[in-house]
Amino acid sequence: MEKKIPYSRQNIDNSDIASVNKVLKSDYLTTGPQIKKFENLLSKYCKSKYSVVVNSATSALHIACMALNLKKNDILWTSPISFVASANCGLYCGAKIDFVDIDIKTFNISTSKLKQKLITAKKNKKLPKVLVVVHLGGLSCEMQEIRKLSKMFNFKIIEDASHALGASYKNSRVGSCKFSEITVFSFHPVKIITSGEGGVATTNNKRLAEKMSTFRAHGIIREKSKFIGKSHGPWFYQQQYLGFNYRLSDIHASLGISQLKKTSLFVKRRNEISKIYKKELKNYPIEFQKIDKNTLSSYHLFIILVPEQVHLKLFTFLIKNNINVNLHYIPIFLHPYFQKIKKINTSDFKSSINYYSRAISIPVYFGLSNSQLLKIIKKIKDFFKKRLNEKLL
């Protein structure tokens, strides 16, 4: 049987395995020296002052919201075209959730629609406290303009850069937090690099970094200088906040450290694959994500938009041909849970609905071979040639 081509997958080599084995033979499997080493390397790579590693990007989003003091009845806005975690992080804090429609060309939050919505929200005294921007597929949002709006309307920015490790915007590495308070990355196996499971929050604010570090470990304080009252002895610690067990193990961190060294290599290959897709498929009824010349996408995803009438047909055709495509994402507000908590007028989100009816993520990852790439391209061409010849498009 022909092996299926996944839409994405991890790339693990002998150096990764050796890195994990070394930790398995060491004295620390968790809360050991690999955590701080991983954090330091991530800060160096992203050009941020601080990094706080956790067990998932979802956890990172949650503690980022907590560090920004998002609480009950506050408002969080995000993109509807994202994984549900981009909105759930606000719900965990008791906040109210709303969405900003996307730009159908970039698939990211539309800055013009954001500004429009902010003007209306100010009149109604319903401005967001936090905006979670989503760098879909590895492409940065228009952060300079969004930062200007954050100053005008007094909201904080979290970059959900789960897809965007290795990406850059206007000569700044995504994760540097030049235009935000906090940036979050994911190290899930299908992402740019993996630590098995894991995530990180980067920031340039020492107070936010300290708060997130405390929230990831039960809200416990161990530094004597920060105790409330006197210490009872050398064993003493205090829980000062309601925190969580969001820690990353040294085993996971060691894999992340090894993978991080290959980030640029992984991103380069993803860009090479994407360039070939664009060149080979440009004469077909397919639209690609618009990438500004001042932006480098990490291409966690390669998303195509196809005519709505063939969307399902092409999706199932590729699956039947052992090409595992996917759809990123179902608009968050269409999920039953979100429909229960907030009535959404879908006419306010025409671009998101349009996107959902046409988007397909086709395979892109470091280990995708040239022969697999050519097969994917051929199958897509065959599909469209048949329909064009029969004048079905």
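Taking Cα atoms only, the orientation of helix 33-46 departs from the longest principal axis of the chain by about 50 degrees. Here the peptides 290-297, 81-88 are ranked by packing, the mean other Cβ count within 10 Å, and the order with the highest first is 81-88, 290-297. On a per residue basis, the stretch 212-299 carries 58 Å² of accessible surface, using protein heavy atoms and a 1.4 Å probe. With semi-axes defined as the square roots of five times the eigenvalues of the C-alpha gyration tensor, the equivalent ellipsoid of the stretch 316-372 measures 31, 11, 11 Å, largest first.
Between Lys343 and Ser112, the contour length at 0.36 nm per residue exceeds the Cα-Cα span by 80.9 nm.
Neighbours of Leu208, meaning other residues whose beta-carbon lies under 13 angstrom from its beta-carbon, give a summed charge of +4 when Lys and Arg score +1 and Asp and Glu score -1. Rounded to the nearest angstrom and listed largest first, the equivalent-ellipsoid semi-axes of the stretch 295-393 from its Cα gyration tensor are 28, 19, 12.
Backbone geometry of the stretch 75-90 corresponds, through the Karplus equation with coefficients 6.51, -1.76 and 1.60 at θ = phi - 60°, to 3J(HN,Hα) couplings of 10, 10, 10, 8, 7, x, 9, 6, 6, 4, 4, 5, 9, 4, 4, x Hz, x marking Gly and Pro.
For the stretch 7-48, dividing the convex hull volume of the Cα atoms by the residue count gives 111 Å³ per residue.
Seen from Leu312, the other residues with C-beta closer than 15 Å to its C-beta sum to a net charge of +3, counting Lys and Arg as +1 and Asp and Glu as -1. Projecting the alpha carbon convex hull of the chain along each direction and taking the average yields 21.9 nm². Between Lys293 and Lys278, the modelled labels are 1.2 nm apart [label points 7 Å from Cα along Cα→Cβ]. For the stretch 95-145, the alpha-carbon coordinates run over 33, 22, 19 Å along the three principal axes, in decreasing order.
Expressed as a fraction of 2.2 N^0.38 Å, the C-alpha radius of gyration for the stretch 268-343 is 1.37. Against the chain, whose longest principal axis comes from its Cα atoms, helix 143-153 is set at around 60 degrees. Taking the longest Cα principal axis of the chain as reference, the axis of helix 14-24 is set at about 30 degrees.
All other residues whose Cβ lies under 15 angstrom from that of Leu24 are scored, Lys and Arg at +1 and Asp and Glu at -1, for a net of -1. Only helices enter the 222 nm calculation for the chain: every DSSP H run of n ≥ 4 contributes -39,500 (n - 2.57), and dividing by all residues gives -11500 deg cm²/dmol, rounded to 500.
The values are calculated or read from the model by the stated rules, or taken from the named source; none is laboratory data. Keep in mind it's a predicted model, so treat the numbers as computed, not measured. Here Cβ is always computed from backbone atoms with ideal geometry, including for glycine, and neighbour counts include all displayed protein chains. Please note that ligands, DNA and RNA were not included when accessible areas were found on the heavy atoms of the full protein model with its side chains. Shrake-Rupley method; radii C 1.70, N 1.55, O 1.52, S 1.80 Å.
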